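Here the structure comes first, spelled out in structure tokens, and everything after it is commentary.
The values are calculated or read from the model by the stated rules, or taken from the named source; none is laboratory data. Please read all numbers here as calculations on a predicted model, not as lab measurements. We place every Cβ from the backbone using ideal geometry, glycine too, and count neighbours over all the protein chains shown.
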There are 4 protein chains.
Amino acid sequence: MERDELFALLDAFEIETPSWGYADTGTRFGKFLQPAAASTVEEKLQDAGVVHRYTGCCPSVAVHVLWDFKPGTDPQEVARLAEQNGVRIGSINPNLFQEQVYKFGSASSPNDGAREEATQHVLDCIEIGRATGSDWLSLWMADGTNYPGQDDIVARKRRMEDALKTWHDAMPENMTMLVEYKPFEPAFYHTDIADWGMAYLYSKKAGPRAKVLVDTGHHLQGTNIEQIVAWLLDEEMLGGFHFNDRKYADDDLTLGSIDPYAVFRIFHEIRNAAEEGGRDVSQIAYMIDQSHNLKPKIEAMIQTVTTAQELYLKACLVDRSKLRDAQSRMNIVDAEECLREAFNTNVKPLLHEWREKKGMDAEPLQAYRASGYEAQAGAEREAARKERGEVATGSYA
Amino acid sequence: MERDELFALLDAFEIETPSWGYADTGTRFGKFLQPAAASTVEEKLQDAGVVHRYTGCCPSVAVHVLWDFKPGTDPQEVARLAEQNGVRIGSINPNLFQEQVYKFGSASSPNDGAREEATQHVLDCIEIGRATGSDWLSLWMADGTNYPGQDDIVARKRRMEDALKTWHDAMPENMTMLVEYKPFEPAFYHTDIADWGMAYLYSKKAGPRAKVLVDTGHHLQGTNIEQIVAWLLDEEMLGGFHFNDRKYADDDLTLGSIDPYAVFRIFHEIRNAAEEGGRDVSQIAYMIDQSHNLKPKIEAMIQTVTTAQELYLKACLVDRSKLRDAQSRMNIVDAEECLREAFNTNVKPLLHEWREKKGMDAEPLQAYRASGYEAQAGAEREAARKERGEVATGSYA
Amino acid sequence: MERDELFALLDAFEIETPSWGYADTGTRFGKFLQPAAASTVEEKLQDAGVVHRYTGCCPSVAVHVLWDFKPGTDPQEVARLAEQNGVRIGSINPNLFQEQVYKFGSASSPNDGAREEATQHVLDCIEIGRATGSDWLSLWMADGTNYPGQDDIVARKRRMEDALKTWHDAMPENMTMLVEYKPFEPAFYHTDIADWGMAYLYSKKAGPRAKVLVDTGHHLQGTNIEQIVAWLLDEEMLGGFHFNDRKYADDDLTLGSIDPYAVFRIFHEIRNAAEEGGRDVSQIAYMIDQSHNLKPKIEAMIQTVTTAQELYLKACLVDRSKLRDAQSRMNIVDAEECLREAFNTNVKPLLHEWREKKGMDAEPLQAYRASGYEAQAGAEREAARKERGEVATGSYA
Amino acid sequence: MERDELFALLDAFEIETPSWGYADTGTRFGKFLQPAAASTVEEKLQDAGVVHRYTGCCPSVAVHVLWDFKPGTDPQEVARLAEQNGVRIGSINPNLFQEQVYKFGSASSPNDGAREEATQHVLDCIEIGRATGSDWLSLWMADGTNYPGQDDIVARKRRMEDALKTWHDAMPENMTMLVEYKPFEPAFYHTDIADWGMAYLYSKKAGPRAKVLVDTGHHLQGTNIEQIVAWLLDEEMLGGFHFNDRKYADDDLTLGSIDPYAVFRIFHEIRNAAEEGGRDVSQIAYMIDQSHNLKPKIEAMIQTVTTAQELYLKACLVDRSKLRDAQSRMNIVDAEECLREAFNTNVKPLLHEWREKKGMDAEPLQAYRASGYEAQAGAEREAARKERGEVATGSYA
């Protein structure tokens, strides 16, 4: 592939960062606090703007309605804030798990009140999307049960089907609903959208603008994620991704930190669908959803973004005509080596060149560090929290 | 539930045993040989007849075409043989993995010859089904790849779709095609029918008489199998089961030997679909597919069959109105205890009564052992093998 | 086994409940609050007393030093409080994960301050143990790393070895140190005490009063936990248990709710060690550590306790001479049926009789519910929280 | 690290190939046959010689006594054969699983005859080792049980301890015993040497010349293998490796084909032990044990060997002083980037240079292919099999 083509592919490869990725988060055992962590939507958008400035490929920000749009917030004001920071509002993420009413689920709950509140909240989210110009409604449901017999699995399925249909039909024409699946946590017996097959069926029933969202950390050990991606692309049902990495469960580590070759293979399937299958892959929503409790938040985000670019670029380098030929000869070693060779290529020089051509620093992480942003933000934000009378605590006990 | 209802449910609960379950099988490290293991289709049907005689619920026998219908065999002759042993021919199982031509797969292979041979073999199987009066074509495909890049996942998917459609359309009206899924082994990078979602989509595309087959050992660790069963029933896509148990991978142990509560929960979902959801569950094909290399074959089969009866009966005992009530009150402990109480019930007396009422011995395993069948079969079969000049070996090296 | 022997075994089977199991806890996505959840050490000990009153086998309470012994608390006062509620202080549990200083670990941290604080806290815990008459120091360390390269695994191992040796040597003669292992969470790349082998080696190096603690939820999928228990018993290194159940990760569900046969097999190995191996099993510390976010706390505790009794009793019922005989004949089916028969026995009548003989209600859960305790505690505690000006929240955001 | 140092490290990095890796092997579903697959020990040693000629780092060959030393074979004759092919006899591998007597295990079997046969076979192996000048006795035991209760886990442990001690003491002074562990397969309930902790304890009890063997495919999903390696090195108990890769179970794929970063991290821990911990790592036995049923055998072996070299070299490139500094500053991102930078380095040019300096072709696989060896061996071996009257079959049925 020629340099120009590769640069065009890089130009088109945009990654959305999440507002909640700039705030303090933790495990169930507590949070480790960072002075520079963002507390307000202003601070989050400011940080997202910084990441976009240094990487050049993160123009949109996923927002979490409950945390970013406190009652009384004017969505258009938030959109303007984003714009001031050089970014725009991306996917709208409802919160259907935090309120006490969701104890037994949201859309699948046997509790009428929970289902009504869920629907009202999603309708509000759709309005926010409309007001902020967002095209994406991104749904992760924590629904499920913790014990055998706790609830009727099929009754819950029907409730979920109904809700998704209702929500789908309430969306404006330009909006796409992303349906995320997850095998467990926080529900530990069953989850109502446990795997891609369930997300697929729910989406099909909801309507033509519902697609499946693949979170790379939401699979049982051993799952071949790239095969699922290939299938969803072939069925025209892939909506997008939540990027992160994991070794055990939904560990939410930075992308490629544990198994970079697996991430490369996902991108390989996407490029394969585009180049061999003639699929339109331009509408795939690439989004980050990681929880970097220990790494500095902006550094972790830049690390994930640049890793995604590197692995995507490597996947673009796979020699597809050579691969096709080896596959048709059923020569496993030759076919495999096409992937390995691309993966083993050092793509940093190419990325440096692309960045410099776009007026950015070749090394985003170093440039960001050199800017002194974190120290300054840390000082300012600590002062602001003090002024607001907030006492940070990492304990949940 | 009243005794009469329970007995009627037991009457309707039939389990098919597999002809290959009476023959010597092993792991990739070798086979441990049993003198009484069946070598010929006559011996296998004889053994299947014995299991049915002592359990009263195994009237049909799954056959493996490659092993049971050697070239020149008249299928109707085999059907008569079955009849003489008090059983009938059940599901027809093609073999699409053993021939050298299937090195890169069968229906999904890039090798035209492999695909043609696979189709010819399946058409032969359908003819055998027709000739033997079988209603079931049961498909397990070993198709997949061992290395990233080895073949194009989507091209393989398309080939599989085409084959299944062709085979579906070649079946007579009364025949149902069962599509089995498996996440790995013998393919270790990807399998072409890896999970229930893929089996579902293939079946939908093949046609109305294709349904999904759930082998209880074919799931990644942690998979909630009963949820998959509930979903397939709700989508009217559950074809049947291959029963066995496992602790690690596709271990093919006898049913309920590792996790009996999990098996109970599968039956619970089936009874729930019937009693709460009004689903017709009478057409579910319950079949055994286990590889008991160490246990005596007939004993292992009887153990699995009686365990299945016990766990099914326990599931029938779940107090569904109490359960529904607890679920509607969102009282987890009460709801869960409905399942636990049924599971903890000692159902042996009920089963003894049912067996005696049907003129069988209350304790099938003990009665079988008392018959001296194994020792006699062992002596006869060893002599017969000697006469045929066969030298048994457990080694594959 | 005779009824008297069984009753003597039940008499000796004591289970410790954890103070934190009576308080509100949650997942990383939030907490669901219960009005009757205990907030203060007084309330926790009161609840523990209630569980002991209804079950008759929970005379001691595990305490969590950070949460139960706020600065200024007189440990002997807490011991007296326990006594007033009919229980005593059991294992002392340091908290080595919640403070910000533990961001990179406690005993294994490269941060000198963290290690010093950890040691000071453990020494305080030992003092509390001395003051409250406790014989157990129970250590769960969240130490580990989240990313490859983050720290030197061997350097961390050495630091942990040093700390455990220091702590061991600071304990009074009557005290036993329990070393718990866990494969992941909250550390997601490696944990410093990842499996039983590591806990064993650390304990050996710490000294003769250090033993391994087995938390039933702290294993990778597929681990044969009962084998680990059998090995630790044979090596005289089993200290005790944290009971809970799980389907996926460290789900902290109530015991036996997912796989009761697996729990039974653990008890079987313990009884086997006692009866066949002549091991002294009287010093095993049976403790509960579950997080029942949805079930009412005391109900969940009673459910786990009575389930443990039932499964332990079933294990006592295994006919060991029959089992030994079948094993020596290498008859797998006979040997296995010894376990299955015991597991399938309905032991409730026996337990009812034992309870009534001890002056308790035959059905602890029903008796507890009939007492109206939860409603009353809920009302009182809500009022108390209001008076203290506490505003409960389930959100961590 | 300087080029000379790196080349010296490469010089010292020797990998043993297994004789059985040149023969046809398969899964439990059958074997796919290759014309050029080796049948005789002569052919196997010839192939091993070819691999060494093209890679320059495989001077020894692991032998499998049952398959390579048929009764009447003079071991010294085999050693001479090896020498003629430019290689030497490496580890001696007993076969303790294939004979019918091992149905219930070998060293752990309750069957006296099995244990005696096992001991006799191992003593024979030690003699062969003595006669061929081998320093390694490599033990993989398939021992275990398939069903709960089948045998007494502790009795089996004791039998294994006795056998290993006996075998250890029968070894000449120069010989090291390698004790391999595996969590499952072919035993599916428990294996007698299930994890590194058990292998460690057995080795300690056997004597000072027993060490643990790590097969990279013998772990439960999620296991942090590099941590185990670091621990064993720190305890001076790491004997060596069986290299292969896997995605699901013991898939026996070529090294680094699924997760190359994980292999790199293993080498990183070894280099860390050498450079930071001052450990002597020169005695680690690096061996291949893979089953490449589909790839041409010699190609697969060369692929694994060159991949091992590449990943080892990358681990040598980790900037350890930079890493130490980042770790001491607790800067996770910096520390992690030390590993990532080394892993992402293209080491092929260095390896090419090293090979050319040693008089080899820069690209072993291409050079081997250009030689036409496989076609010629295929033709000759097919003819030889025909002459010997052997009919190859891939079926086990």
If you check A:Asp280 against the conditions, is it acidic (Asp, Glu) and more than 22 Å from D:Glu336 (Cα to Cα)? yes
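Those residues that are under 25 Å from C:Lys182 (Cα atoms) and either crowded, with 23+ Cβ neighbours inside 10 Å or β-branched (Val, Ile, Thr) (or both), I need them from region C:292-302; list them, please. Spell out how you get there, then give the answer.
Start the filter on region C:292-302 by keeping residues that are under 25 Å from C:Lys182 (Cα atoms), which leaves C:292-295, C:297, C:300-301.
Answer for region C:292-302, where residues must be under 25 Å from C:Lys182 (Cα atoms) and either crowded, with 23+ Cβ neighbours inside 10 Å or β-branched (Val, Ile, Thr) (or both): C:His292, C:Asn293, C:Lys295, C:Lys297, C:Ala300, C:Met301.
Scanning region C:92-105 for residues that are within 12 Å of chain A (Cβ to nearest Cβ) and among the polar types (S, T, N, Q), which turns out nearest to D:Ile332 (Cα to Cα)?
At the first step, the residues of region C:92-105 found to be within 12 Å of chain A (Cβ to nearest Cβ) are C:95-105.
Filter again for among the polar types (S, T, N, Q), leaving C:95, C:98, C:100.
Details: C:Asn95: 24, C:Gln98: 20, C:Gln100: 16 Å.
This residue is C:Gln100.
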Limited to region D:350-367, what total is found for residues that are in a helix (DSSP H, G or I) and either surrounded by fewer than 16 Cβ atoms within 10 Å (Cβ to Cβ) or in contact with an Asp or Glu (Cβ under 7 Å, 6 or more places away or on another chain) (or both)? 9
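Report, by residue number, each residue of region B:221-235 that is more than 8 Å from every other protein chain (Cβ to nearest Cβ) and without any contact (Cβ under 8 Å) to a residue 40 or more places away in the chain.
Here is the first cut: in region B:221-235, the residues more than 8 Å from every other protein chain (Cβ to nearest Cβ) are B:225, B:228-229, B:232.
Passing the criteria: B:Ile228, B:Leu232.
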Quick check on region D:50-61. Is at least one of its residues surrounded by fewer than 19 Cβ atoms within 10 Å (Cβ to Cβ), within 14 Å of another protein chain (Cβ to nearest Cβ) and on the phi < 0 side of the Ramachandran plot? no
Identify all residues within region A:104-133 that are assigned to a helix (DSSP H, G or I), under 22 Å from A:Asp151 (Cβ atoms) and in contact with a helix residue (DSSP H, G or I) (Cβ under 8 Å, 6 or more places away or on another chain); write none if there are none. A:Phe104, A:Gly113, A:Ala114, A:Arg115, A:Glu117, A:Ala118, A:Thr119, A:His121, A:Val122
Within region C:144-172, tally of residues that are out of contact with any Lys or Arg (no Cβ under 8 Å at 6 or more places or on another chain) and surrounded by fewer than 23 Cβ atoms within 10 Å (Cβ to Cβ): 8
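Residues in region D:206-213: is at least one farther than 30 Å from B:Arg28 by Cα and free of Cβ contacts under 8 Å to residues at least 12 places away in the same chain?
If we filter region D:206-213 for residues that are farther than 30 Å from B:Arg28 by Cα, which is where we start, we get D:207-209.
Going one step further and asking which of them are free of Cβ contacts under 8 Å to residues at least 12 places away in the same chain, we end up with D:208.
Yes, region D:206-213 has at least one match.
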Filtering region D:95-119 for residues that are surrounded by fewer than 24 Cβ atoms within 10 Å (Cβ to Cβ) and either touching a residue at least 60 places away in the same chain (Cβ under 8 Å) or closer than 19 Å to D:Asp74 by Cβ (or both) leaves a count of 1
So for region D:144-160 (the condition being in contact with a helix residue (DSSP H, G or I) (Cβ under 8 Å, 6 or more places away or on another chain) and more than 14 Å from chain C (Cβ to nearest Cβ)), does at least one residue qualify? no
Given (1) under 27 Å from the mean Cα position of the chain (by Cα); (2) more than 30 Å from B:Gly49 (Cβ to Cβ), index of the condition B:Gln309 fails: (2)
Going through (1) within 14 Å of chain C (Cβ to nearest Cβ); (2) under 17 Å from A:Asp47 (Cβ atoms); (3) surrounded by fewer than 17 Cβ atoms within 10 Å (Cβ to Cβ); (4) among the charged types (D, E, K, R) one by one, A:Lys70 fails only at (2)
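Quick one: count up the residues across region A:17-63 that are assigned to a strand (DSSP E or B), at pLDDT 95 or above and either in contact with an Asp or Glu (Cβ under 6 Å, 6 or more places away or on another chain) or not β-branched (Val, Ile, Thr) (or both).
Applying the first criterion (assigned to a strand (DSSP E or B)) to region A:17-63 yields A:17-18, A:26-27, A:30-31, A:60-63.
Okay, now just the ones that are also at pLDDT 95 or above, so A:17-18, A:60-63.
Next, from what is left, pick out any that are either in contact with an Asp or Glu (Cβ under 6 Å, 6 or more places away or on another chain) or not β-branched (Val, Ile, Thr) (or both): A:18, A:60, A:62.
The total comes to 3.
Right, B:Pro208: more than 30 Å from B:Glu310 (Cβ to Cβ), over 20 Å from the mean Cα position of the chain (by Cα) and away from chain A (no Cβ under 11 Å) or not? Full working, then the answer.
On the way: more than 30 Å from B:Glu310 (Cβ to Cβ): yes; over 20 Å from the mean Cα position of the chain (by Cα): yes; away from chain A (no Cβ under 11 Å): yes.
Taking the combined requirement at face value, the residue satisfies it.
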Quick one: which of A:Ile288, A:Ile266 is within 12 Å of another protein chain (Cβ to nearest Cβ), buried (at least 19 other Cβ atoms within 10 Å of the Cβ) and modelled with pLDDT of 95 or more? A:Ile266
Of the residues in region C:33-45 that are buried (at least 20 other Cβ atoms within 10 Å of the Cβ) and over 17 Å from the mean Cα position of the chain (by Cα), the one that is farthest from C:Gly394 (Cα to Cα) is C:Val41
Evaluate the following for C:Ser203: is it more than 10 Å from chain D (Cβ to nearest Cβ), of a type in the set (S, T, N, Q) and not in a loop (DSSP other than H, G, I, E, B)? yes
Can you confirm whether D:Phe264 is part of a loop (DSSP other than H, G, I, E, B), in contact (Cβ under 8 Å) with a residue 60 or more places away in the chain and among the aromatic types (Phe, Trp, Tyr)? no
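Here is a yes/no grid of residues against (1) part of a helix (DSSP H, G or I); (2) facing another protein chain (nearest Cβ under 7 Å):
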| site | (1), (2) |
| --- | --- |
| C:Leu255 | no, no |
| C:Asp280 | no, no |
| C:Lys295 | no, yes |
| C:Glu299 | yes, yes |
| C:Val305 | yes, no |
| C:Tyr312 | yes, no |
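Name the one entry in C:Ala107, C:Ala82 that is modelled with pLDDT of 95 or more and closer than 18 Å to C:Gly21 by Cα. Spell out the reasoning first.
Working: C:Ala107 fails: closer than 18 Å to C:Gly21 by Cα.
Step by step, each of C:Ala107, C:Ala82 is checked, and only C:Ala82 is modelled with pLDDT of 95 or more and closer than 18 Å to C:Gly21 by Cα.
Of the residues that make up region A:66-79, is at least one in contact with a strand residue (DSSP E or B) (Cβ under 6 Å, 6 or more places away or on another chain), under 27 Å from A:Ala210 (Cβ atoms) and in contact (Cβ under 8 Å) with a residue 40 or more places away in the chain? Quick ask: steps written out before the conclusion?
Quick first cut of region A:66-79, residues in contact with a strand residue (DSSP E or B) (Cβ under 6 Å, 6 or more places away or on another chain) only: A:79.
Next cut, under 27 Å from A:Ala210 (Cβ atoms) only: A:79.
From what is left, the residues that are in contact (Cβ under 8 Å) with a residue 40 or more places away in the chain are A:79.
Among the residues of region A:66-79, at least one is in contact with a strand residue (DSSP E or B) (Cβ under 6 Å, 6 or more places away or on another chain), under 27 Å from A:Ala210 (Cβ atoms) and in contact (Cβ under 8 Å) with a residue 40 or more places away in the chain, which makes the answer yes.
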Across region D:122-143, which residue is nearest to D:Val214 (Cα to Cα) among those that are more than 14 Å from chain C (Cβ to nearest Cβ) and among the charged types (D, E, K, R)? D:Asp135
Matching residues in region D:314-349 - criterion: being within 17 Å of D:Ala273 (Cα to Cα), in a loop (DSSP other than H, G, I, E, B) and charged (D, E, K, R): D:Asp319
Give the residues of region A:197-213 that are out of contact with any Gly (no Cβ under 6 Å at 6 or more places or on another chain), surrounded by 24 or more Cβ atoms within 10 Å (Cβ to Cβ) and of a type in the set (A, V, I, L, M, F, W, C), sorted by residue number. A:Ala199, A:Ala206, A:Ala210
Go through the residues of region C:161-181 one by one and say whether even a single one is within 30 Å of D:Ala274 (Cα to Cα) and within 8 Å of another protein chain (Cβ to nearest Cβ). no
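For residues in region A:380-397 being part of a loop (DSSP other than H, G, I, E, B) and exposed (fewer than 12 other Cβ atoms within 10 Å of the Cβ), which is modelled with the highest pLDDT? It would help to see each step written out before you state the result.
Of region A:380-397, the ones part of a loop (DSSP other than H, G, I, E, B) are A:389-397.
Checking which are exposed (fewer than 12 other Cβ atoms within 10 Å of the Cβ) leaves us with A:389-391.
Numbers: A:Gly389: 89, A:Glu390: 86, A:Val391: 79.
The extreme case among them is A:Gly389.
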Among the listed residues D:Ala335, D:Ala377, identify the single one that is crowded, with 21+ Cβ neighbours inside 10 Å, in contact with a Gly (Cβ under 6 Å, 6 or more places away or on another chain) and modelled with pLDDT of 95 or more. D:Ala335
